[in-house]
Amino acid sequence: HRHGVQLRQGLPITLRESTVALSGKSHLPKGRRRRYEQATYSPSKRFCLACQPALHRNAVQGRASTIPVGTPSASSPPRSKLSKRIVTGWLLAFAGTAVIFSGDVLYTLVLVLVAMLAQHEYFNTVMKTGVKPARRISFVASLAMYACACKFPLQHQLGLPLGFAAVVMWFLVMRPKPGSIADISTTLMGLVYTGLMPSYWARMRCMKDGLGVADGLIQNVDCAARWISPLPVANDVVTQGAVTYWFT
């Protein structure tokens, strides 16, 4: 090329391809051809960014500013980050074990706190779209299901149909203006996904027998818990439900 080698280094791939495509004389009018010829340089001339078009100059400057020099690859994180991940994983494992073997009531309270926060966030999200769910009814029905799962497991199955009936009566009978299908469906979804389903964890955790766990394993775990814990260990700390829940 009699005008020198075109600018290739430092440009993105798409801009580089467009520059190559537009470099031919037959594809450009005379005025644009001169402008692109100014963006080239020859080995005998010193290249100047001021002679380039603004698009090429910005691309070269942005390319040069975003490429770090001497930085490690993103696929191999530093050892400090890996150590933090390992420590965080072990801390979460110990915290989860402590919550599982904390007793029926304390475990249920922690689960209720997490589930109610999740339900509150879910309702706030759907309310931004114009939907108006029955939040109070859903909260009360969810609390009733958790209480039944912990202390009255035989009545736990009644929580969902009674909650459904309360939601439908509120939207279709008790309100002056009936609720929409979206209001009813979002309320029932929040009741099922953040109320009913997590409550089965509490029900399984509070089970004392019927899960087929060997008595020897229960005794060994109970002895280990009494040796580790500085406080007296209650009878509902190590149960078949707690051991099954921890292993699953």
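The values are calculated or read from the model by the stated rules, or taken from the named source; none is laboratory data. From a predicted model like this one, the values you see are computed outputs, not experimental measurements. With ideal geometry, Cβ positions are generated from the backbone for all residues, glycine too; neighbour counts draw on all protein chains shown. Quick note on the areas: whole protein, heavy atoms, side chains included, nothing else; ligands and nucleic acids left out. Shrake-Rupley method; radii C 1.70, N 1.55, O 1.52, S 1.80 Å.
Looking at Lys151, Lys177, Lys132, Lys128 in this structure, which one is out of contact with any Ser or Thr (no Cβ under 8 Å at 6 or more places or on another chain), among the basic types (Lys, Arg) and under 21 Å from Val237 (Cα atoms)?
Within the list Lys151, Lys177, Lys132, Lys128, the selection yields Lys151.
Taking the listed residues Ala182, Ala134, the one that is of a type in the set (Gly, Ala, Ser), in contact with a Phe, Trp or Tyr (Cβ under 7 Å, 6 or more places away or on another chain) and in contact (Cβ under 8 Å) with a residue 40 or more places away in the chain is Ala134, with no other qualifying.
Of all residues in the stretch 94-131, none satisfies the criterion of being surrounded by 13 or more Cβ atoms within 10 Å (Cβ to Cβ) and among the basic types (Lys, Arg).
Out of the residues in the stretch 200-220 that are open to solvent by less than 70 Å² (accessible area, probe 1.4 Å) and in contact (Cβ under 8 Å) with a residue 60 or more places away in the chain, which is nearest to Val243 (Cα to Cα)? This residue is Arg205.
Every condition in (1) within 25 Å of Thr239 (Cβ to Cβ); (2) at pLDDT 90 or above; (3) not hydroxyl-bearing (Ser, Thr, Tyr) is met by Met189 except one, and the failing one is (1). Residue-level check: of (1) modelled with pLDDT of 50 or more; (2) in contact with a strand residue (DSSP E or B) (Cβ under 8 Å, 6 or more places away or on another chain); (3) of a type outside the set (Asp, Glu), Ala115 misses just (2). Just give me the residues in the stretch 137-158 being in contact (Cβ under 8 Å) with a residue 24 or more places away in the chain and either surrounded by 21 or more Cβ atoms within 10 Å (Cβ to Cβ) or within 17 Å of Ser185 (Cα to Cα) (or both), in sequence order. Ile137, Ser138, Ala141, Ser142, Met145, Tyr146, Ala149, Cys150, His156 - these are the residues of the stretch 137-158 that are in contact (Cβ under 8 Å) with a residue 24 or more places away in the chain and either surrounded by 21 or more Cβ atoms within 10 Å (Cβ to Cβ) or within 17 Å of Ser185 (Cα to Cα) (or both). The residues of the stretch 221-248 that are touching a residue at least 12 places away in the same chain (Cβ under 8 Å) and either of a type in the set (Gly, Ala, Ser) or not in a helix (DSSP H, G or I) (or both), listed by number, are Ala225, Ala234, Asp236, Val237, Val238, Thr239, Gly241, Ala242. Taking the stretch 159-180 as the range and being loosely packed, with under 14 Cβ neighbours inside 10 Å and modelled with pLDDT under 90 as the test, the residues that pass are Leu172, Val173, Met174, Arg175, Pro176, Lys177, Pro178, Ser180.
Considering the stretch 228-247, and only residues there that are modelled with pLDDT under 80 and open to solvent by 100 Å² or more (accessible area, probe 1.4 Å), the residue that is farthest from Met207 (Cα to Cα) turns out to be Pro230. Which condition number does Asp183 fail, the rest of (1) of a type outside the set (A, V, I, L, M, F, W, C); (2) assigned to a helix (DSSP H, G or I); (3) more than 28 Å from Gly103 (Cα to Cα); (4) open to solvent by 40 Å² or more (accessible area, probe 1.4 Å) being met? Looking at each condition in turn, Asp183 falls short on (4).
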